[in-house]
Amino acid sequence: MQEYSNLFQLLQKALHEEQTSLHNAEPKEMYEPMAYIIGLGGKRVRPLLTLVGCDLFDVNPEIAIPSAMAVELFHNFSLIHDDILDNAPLRRGNTTVHEKWNHNIALLSGDGMMVKGFQVLAKSKPEHIHALLNLYSKTGIEVCEGQQYDMNFETQSKVSVHEYIDMITYKTAVLLGCSLQMGAICADASITNQNHLYEFGKHVGIAFQILDDVLDVYADDEKFGKQVGGDIISNKKTFMLLDAFELANSMQTEQLTYLLSNKEITNEEKVKKVTAIYNALGVKELALAEANNHTDIALKHLSELDANASKKELLKAFALHLLNRDN
């Protein structure tokens, strides 16, 4: 994130102050887990984009700090709860909150982080608070809806590719759009410009999630940082799996169903055979084409944005870097 080093330093300062405040708050059992998960780091893409969304219009990004902090607090609240729902032992290579403390403390600390997000957001300029609260609360509900759809998919026998796109839009992409639009609101940008920024962020988020599905199967084991084929092993309904079922002939459908339901086959064999079906059906290429389509939609919205031209190019380069695309 070298291109945004100044904004990142501004963000890190605010995060450090928030973490220190949480460390000093009582009761410790509630606030220490909040400070802990913030301290685990991460790329901080969402709050950074809030500052970027303000800076694009040549407005001092410091006025968007409350919005950036609210976005990061909400994101970390969702991570605490996601880890409980997934029964995950690790987050960013460290023990998850519910494992380090317990489920009850994790739930309460997560709830507290969500409320703290609203509390921090209330420090925004009075003339912006109404619009910020509407967008922030709308996005929060959508993220929860996306999580519910994702859980529904676990037991839903048939899920369409369209339903999957809707799910990742709510669960992942809308928060990226929200982050940018909140920055634009702080900069007093027009509604048209706000909408272009929101759509840009949303479609980048959709593309990012689809590419993540592809990487889970096709990434270099040593560079990926987690188990390749994990989605296949856990029978997760991804863009490629759903596409495979839609394109498969009767024999391939039977093979896929058998591989997903067989408890005796080894993980290595399961990944190998499912990947072979993916290769035969060309679903990797279809997923990449879908990701590229959403990237192109995002870039079209960015091109129509009336903002600082050089800063738009910087945001474009940053987004393409996230998506591992050159142009």
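Of note:
- Under 28 Å from K263, Cα to Cα: lysines that are on another chain or at least 8 residues apart: K158, K226, K236, K237, K272, K273, K284
- Take the Cβ atoms of N279 and I141, set R0 to 45 Å, and the FRET efficiency comes out at 0.70.
- With a cut-off of 19 Å on the backbone N, the residues of segment 60-81 near the modelled label site 7 Å out from D111 along Cα-Cβ are 73-81.
- Summing Lys and Arg as +1 and Asp and Glu as -1 over all other residues whose Cβ lies under 13 Å from the Cβ of A184 gives a net charge of -3.
- Dipole-positive endmost among S124, I210, H162 within segment 124-265 (Cβ charges, Cα centre): S124
- Using R0 = 35 Å, the C-beta based FRET efficiency linking E3 and A289 works out to 0.80.
- Shape of the chain, Cα gyration tensor, a/c cut at 1.5: oblate
- Under the criterion of Cα pairs below 8 Å and six or more residues apart, the relative contact order for segment 224-309 equals 33 percent.
- Diffusion coefficient of segment 7-189 by Stokes-Einstein, Kirkwood radius over Cα pairs, 4 °C, 1.567 mPa s: 77 µm²/s.
- By the count of neighbouring beta-carbon atoms within 10 Å, fewest first, R44, R91 end up ordered R44, R91.
- Near the amide H of R91, within less than 5 Å, lie the amide hydrogens of T96, all on another chain or at least 5 residues away, with H placed in the peptide plane.
- Segment 241-256 and segment 14-67: distance between their alpha carbon centers, rounded to Å: 45
- Packing-based exposure ordering (other Cβ within 10 Å, fewest first) of F153, F245: F153, F245
- Fewest-first ranking of F118, F239, F74, using other Cβ atoms within 10 Å as the exposure measure: F118, F239, F74
Values quoted throughout were computed directly from the atomic coordinates according to the rules given, and no laboratory measurement underlies them. What you are looking at is a predicted structure, and each value in this text was computed from that prediction instead of being measured. In this analysis, Cβ positions are derived from the backbone assuming ideal geometry, glycine residues included, and neighbour counts consider all displayed protein chains.
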